[in-house]
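Q: My questions all concern the structure below.
The values are calculated or read from the model by the stated rules, or taken from the named source; none is laboratory data. Quick caveat, the model's predicted, so the values are computed rather than measured. Methodologically, a virtual Cβ is constructed for each residue, glycine included, from the backbone with ideal geometry; neighbour enumeration extends over all protein chains shown. The area values use the complete protein model at the heavy-atom level, side chains included, leaving out ligands, DNA and RNA. Shrake-Rupley method; radii C 1.70, N 1.55, O 1.52, S 1.80 Å.
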Amino acid sequence: MDKAPEFLDAPPGAPRKVLQWVADVAAHTRPAHIHWCDGSDSEYRTMIQGMQGSGLLIELNQQTHPGCYLHRSNPSDVARVEHLTFVCTEQRDDAGPNNHWIAPDEARARMAGLFAECMRGRTMYVVPYCMGPLDSPYARCGIEITDSPYVVASMRLMTRMGAAALERIGRDGSFVRALHSTGELDPERRFIMHFPETLEIQSYGSGYGGNALLGKKCHALRIASWQARSEGWMAEHMLLVGVENPAGQTHYLACAFPSACGKTNLAMLLPPATMPGWKIWTLGDDIAWLHPGPDGRLWAINPEAGYFGVVPGTNAQTNRHAFEMIRHDTIFTNVAVTATGEPWWEGLETGVPAFDWQGRPYDPKNGPAAHPNSRFTVAARQNASYSPMADAAGGVPVSALVFGGRRRALAPLVYQSRDWNHGVLVGAGMASETTAAATGAIGVVRRDPMAMQPFTGYNFADYWAHWLAMGQRLARPPGIFHVNWFRRDAAGRFLWPGFGENLRVLDWIIQRCEGRGAAVDTPIGHVPTPDAIDCAGLGLDAGTMAELLAVRAPDWRQEMDEIGSYLAGYGARLPEELRRQHAAAVARLAGA
Ligand code: OXD
Ligand code: MN
């Protein structure tokens, strides 16, 4: 057993490497106290009480929303800050044109300056966490050191956090070092740095989820994507869901959509009344780690244990499971409140806001009552459709990978790639309208390959090469599909009802995986025949379905040109096979 220096107050058995790192950080940041998180219920309750005392959390109405609290973040700190997020590899090209880059030495020096004595008078929390089931060979661990009790409470909901994770770190011998301080919450002194080569994260100056809960985007995507490439697996921005048909067979789907494009809704979908006997099982709503199994299939786990979901728009119609799940034991961030202390947001359909997300008396002139990127943080087990397989050490076999984006035109409701390698082109060519999940303009189409633009911790060219290599290793690869729930008519109205009705599209996807499901071969891939998607009871006219499935060659020729220029930006590192797939798609469109 390692002996901890007295002042560290470490639990017995804490691994030497951990003690050394914590001691180094403490010497540099100079906290008043150190607290090692054990992940217990009593610790969570104490954290919540402490935050109520300091005003960091506001108690919501405990009659209607037991265990629910509101956190109001600094108004300058409400989303991920991609322009302040860096991947610091020794060679600039290893981070690639898709990442902001600073040389590791320079990044370390800059961060050392910010972190110096930044925890004076504060408590430093040591948060051991495990991404994935504690007994899974696919799980990976980390330790977040933070001075934010909000981060500690959120990590407790979002990960397997505490003593059991520390024990596993002792067995694994390695862990991701994730250092965080809210600092002064000054946007001028805010950076999120990743050092994939040494499995380190340093985040300063933000308390917002994606910037501060370092197990999530920073570890489970940016660092893990790097680890995954070197170890032969994949870390993806994908929801993970089981779709059970009336015969009781379950297919697992992993779907990559950009932020705030409905991953949480799809992961918790409630089958429409017209599809009795179907059931959706939620495994994850944001991240999937995918491993080739000995049977030649792809197996998936969700590394997270909770949801950090977008609140506005959630109601009993759009997402009944989420709506019910967040009525208790939930931390809300930046929602509005009613006069009786209930959380309120746009799209709630009942109640009226008395105070907006900044705590001001609500006045529509100030904009929405809840921030458009307001969030709920909640343990996954509270979801009525939670799949017991989410805790399976070996994960679940994936039948289909589904890409998707928010496109008002162009992309049909659904199509299937010709094969795995063509599917890599479909993913690499993804684009979507931007949302409030990141700072910057909203509604602008930007390229977002595999929905990973903000999250791949290395050069996209190498990432696509890794995708292509993974396909080679799978004797029974999943089918690859693309969906677009957001196509609109000339008047700007959505053509497809979305939400629960999306199950009809998943049904076609599953049929295709089973070698059934009618499709026509088009230059972009296999598109359902007009009657292949069961639309009974939906009241869609034939013209609408034809428009939803339309593939217009001139528009696609232009899209393929744009994809070509985008891919060319990766220069000589772009895999030859992706170039070949692109050329073949261009040739098919030229002949169409
Ligand atoms: C998220 C995001 O918070 O993608 O999941 O921004
Ligand atoms: Mn996400």
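Q: Any chance you could give the angle, 0 to 90 degrees and rounded to 10, that helix 163-172 forms with the longest Cα principal axis of the chain?
A: Rounded to the nearest ten degrees, it is 70.
Q: Could you tell me the accessible area of Arg588 in Å² (1.4 Å probe, neighbours in place), rounded to the nearest ten?
A: The value for Arg588 is about 60 Å².
Q: Using a Förster distance of 22 Å, how high is the FRET efficiency between Arg580 and Arg552, based on the Cβ-Cβ distance and rounded to 0.05? All intermediate terms of the calculation are to be shown ahead of the outcome.
A: Details: r = 25 Å, r/R0 = 1.11.
Once rounded, the FRET efficiency stands at 0.35.
Q: Further question on the same structure: What do you get for the angle between helix 16-29 and the principal long axis of the chain? Use alpha-carbon atoms, 0 to 90 degrees, nearest ten.
A: For helix 16-29, the angle is close to 70 degrees.
Q: Can you pull the Rg over Rh of the chain, Cα-only, Kirkwood? Please list the in-between numbers first.
A: Working: Rg = 23.6 Å, Rh = 24.6 Å.
Result for the chain is an Rg/Rh of 0.96.
Q: When the Karplus curve 6.51 cos²θ - 1.76 cosθ + 1.60 is applied with θ = phi - 60°, which whole-Hz ³J(HN,Hα) does each residue of the range 354-364 get, with x for Gly and Pro?
A: Going residue by residue, I get 9, 10, 7, 5, 9, x, 7, x, 5, 9, x Hz, with x marking Gly and Pro.
Q: Considering only protein heavy atoms, with the full assembly of protein chains and a 1.4 angstrom probe, order Lys216, Lys279, Lys17 by accessible area, largest first.
A: Values: Lys216 10, Lys279 70, Lys17 110 Å².
I get Lys17, Lys279, Lys216, largest accessible area first.
Q: Could you name the lysines in cross-link range of Lys279, using Cα to Cα under 25 Å and dropping any fewer than eight places away on the same chain?
A: By straight Cα distance, Lys279 reaches Lys263.
Q: Counting pairs of alpha carbon atoms under 8 Å apart in space and at least six apart in sequence, what relative contact order in percent does the chain give?
A: On the way: 1311 pairs, mean separation 83.4, N = 592.
RCO, the chain: 14 percent.
Q: Could you work out [θ]222 nm for the chain from helices alone, using -39500 (n - 2.57) per DSSP H run of at least four and dividing by all its residues? Round to the nearest 500 deg cm²/dmol. Provide the component values of the computation, followed by the final result.
A: Values: 16 runs with 161 residues, N = 592.
After summing the helix terms and dividing by residue count, I get -8000 deg cm²/dmol.
Q: Please give the helix 502-513 orientation as an angle from the longest Cα principal axis of the chain, in degrees from 0 to 90, rounded to the nearest 10.
A: 70
Q: Out of residues 5 or more away from Ala519 or on other chains, whose amide H comes under 5 Å of its own, with H placed 1.01 Å from N in the peptide plane?
A: Placed amide hydrogens put Thr529 under 5 Å from Ala519.
Q: Let me ask something else about it. Over the Cα atoms of the range 307-382, what is the Rg over Rh ratio if Rh follows Kirkwood?
A: Numbers: Rg = 11.7 Å, Rh = 12.3 Å.
Here the Rg-to-Rh quotient is 0.95.
Q: Give the accessible area for Ile442 in Å² (nearest 10); use a 1.4 Å probe, count only protein heavy atoms, and leave out ligands, DNA and RNA.
A: Here the residue's solvent-accessible area equals roughly 110 Å².
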